[in-house]
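I have placed the structure first, in the form of structure tokens, so that the comments after it can refer back to it.
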Amino acid sequence: MATADVVVVGGGVNGASTAFHLASLGVKGVTLLERRHLAAGASGKSGSLVRMHYTNEAESRLAFESLKVFRDFPNAVGGECGFEAPGFLQLVPRGYEAALARNVERQRRIGIDTRVVSPEEILALAPGIHLDDIGAGAWEPGSGFADPNATTYAFAEAARRLGATIATGREATRIVIENGRVVAVLTDQGRIDTPTAVVVPGAWGRALLHPLGLDFGLVPHRVQVTIFRWPPGLARRHPVIIDAVHQSWLRPEGATSTLIGVELGVGHADPDRFHEGVDAEYAALCREKLAARLPAFAGANMRGGWAGMIMMSPDGRPIIDQIPSVAGLYVMLGDSGTSFKTSPAIGRCLAEWIVHGKPRTVDLTPFRSTRFAEGLPWVDEDHYGHQSLTISR
Ligand SMILES: Cc1cc2nc3c(=O)[nH]c(=O)nc-3n(C[C@H](O)[C@H](O)[C@H](O)COP(=O)(O)OP(=O)(O)OC[C@H]3O[C@@H](n4cnc5c(N)ncnc54)[C@H](O)[C@@H]3O)c2cc1C
């Protein structure tokens, strides 16, 4: 009979981070189940922006704690996460200048290195950038992006070194609950008795959750990205940019390309049957939005792209919780397309909750699963418009 102290379901970056942090807190019997291969879900497809700017404090805190890990990855975890820090610019439309300033102030109080920047400063940071339509901008010098595949593999490998079992090609088919508590996880290759399950299944969660009577209104969405080769004359890497005017987000990719996504290409899709390539109309839209901000890209060559699946929660914010009605059941659900950059802290908090009885790194109360039933879905006070599907990469 197979047993485990904790079974983690899902080998994306959040599952791998959770397994690593559990093992590093001394939990010996950790088994991670991944039905395909590591980073097979959103993690392997991520744009992997690592920035602290959110329109709420809770996610900024998770991102800030996570940045410390990305910056010191070889020591903190081991292996490489491919973190690079060309800096991050948040641009907002006219009318949102005060909201941006309040968000920056909130972030500075946490300890985040960020400030509001003038148009002149933005031009110096990103020469050639078009600024006539923006209201304001904020700058984070230490932010950037990482390699989401390398990050996931490194977390899993570090967990394995500390004694965890990483079982790829093995699917969890049911969480078994008796007398209100987890007793086992059934898999396509047999049962694992365990008192604790951490369900981190990305866009594929409904099959496990619905039999337990857990329905949080999660909806899988297909998200695309496109890559453009730099045009001649662009000699310098631009920073990472989230452009709330054009609802786009972009970052350098390699030494001579730019990766961009636009929010308008996001739509519902079946996570088991979706087109993994990029749509031609979407690539055209990306070129248009990219050139509207960085005009040099008007004639840039498209180099390809891909699509991945994320799981949206009803308020576009993750659900990270110990399910109150089921002892031993922990979840990270509804990643909402924004949970790569926060994965180090999410995994650590879940591990702390299991080992110490509550998360220590960040207060997870705002992420509780019960907020919808309470009629208190998450609403950011100082958002930049487009509230229902905010640009939240
Ligand atoms: C195109 C794109 C761009 C993005 N850009 C950014 C960005 O710039 N910054 C950012 O922070 N976030 C970004 N995201 C979002 C981010 O990638 C995700 O939020 C994050 O990777 C989610 O990780 P996860 O581990 O929770 O889920 P996933 O990576 O989806 O992993 C879930 C895993 O669980 C496995 N699984 C599911 N069910 C079972 C089962 N029953 N048994 C066993 N295994 C199971 C799946 O196969 C999958 O591998 C982006 C996402 C996409 C798609």
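The values are calculated or read from the model by the stated rules, or taken from the named source; none is laboratory data. Everything quoted here is computed from the prediction, not taken from an experiment. As a convention, Cβ positions derive from the backbone with ideal geometry for all residues, glycine included, and neighbour counts pool all protein chains shown. Protein only, heavy atoms only, side chains kept; ligands, DNA and RNA dropped before computing areas. Shrake-Rupley method; radii C 1.70, N 1.55, O 1.52, S 1.80 Å.
A compact table of results
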read-out	value
Restricting the range 1-18 to residues that are away from the ligand (no atom under 11 Å from the Cβ) and in a strand (DSSP E or B), the residue that is surrounded by the fewest Cβ atoms within 10 Å (Cβ to Cβ)	3
All positions within the range 19-47 that are more than 9 Å from the ligand (Cβ to nearest atom) and part of a helix (DSSP H, G or I)	19, 20, 21, 22, 23, 24
Residue that is nearest to residue 202 (Cα to Cα), among those in the range 295-312 that are open to solvent by 10 Å² or more (accessible area, probe 1.4 Å) and not in a helix (DSSP H, G or I)	310
Restricting the range 128-144 to residues that are touching an Asp or Glu at 6+ places or on another chain (Cβ under 6 Å) and in contact (Cβ under 8 Å) with a residue 60 or more places away in the chain, the residue that is surrounded by the fewest Cβ atoms within 10 Å (Cβ to Cβ)	142
Residue check, residue 327 more than 8 Å from the ligand (Cβ to nearest atom) and in contact with a Ser or Thr (Cβ under 8 Å, 6 or more places away or on another chain)	no
Filter result (away from the ligand (no atom under 12 Å from the Cβ) and either buried (at least 24 other Cβ atoms within 10 Å of the Cβ) or part of a helix (DSSP H, G or I) (or both)) within the range 330-351	348, 349, 351
Selection status of residue 51, open to solvent by 40 Å² or more (accessible area, probe 1.4 Å), basic (Lys, Arg) and under 20 Å from the mean Cα position of the chain (by Cα)	no
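Residues are listed down the side, and each one gets a yes or a no for (1) of a type in the set (D, E, K, R); (2) surrounded by 14 or more Cβ atoms within 10 Å (Cβ to Cβ); (3) in contact with a Phe, Trp or Tyr (Cβ under 8 Å, 6 or more places away or on another chain):
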| residue | (1), (2), (3) |
| --- | --- |
| 157 | yes, yes, no |
| 179 | no, no, no |
| 186 | no, yes, no |
| 189 | no, no, no |
| 193 | yes, yes, no |
| 203 | no, yes, no |
| 219 | no, yes, no |
| 229 | yes, yes, no |
| 237 | yes, yes, no |
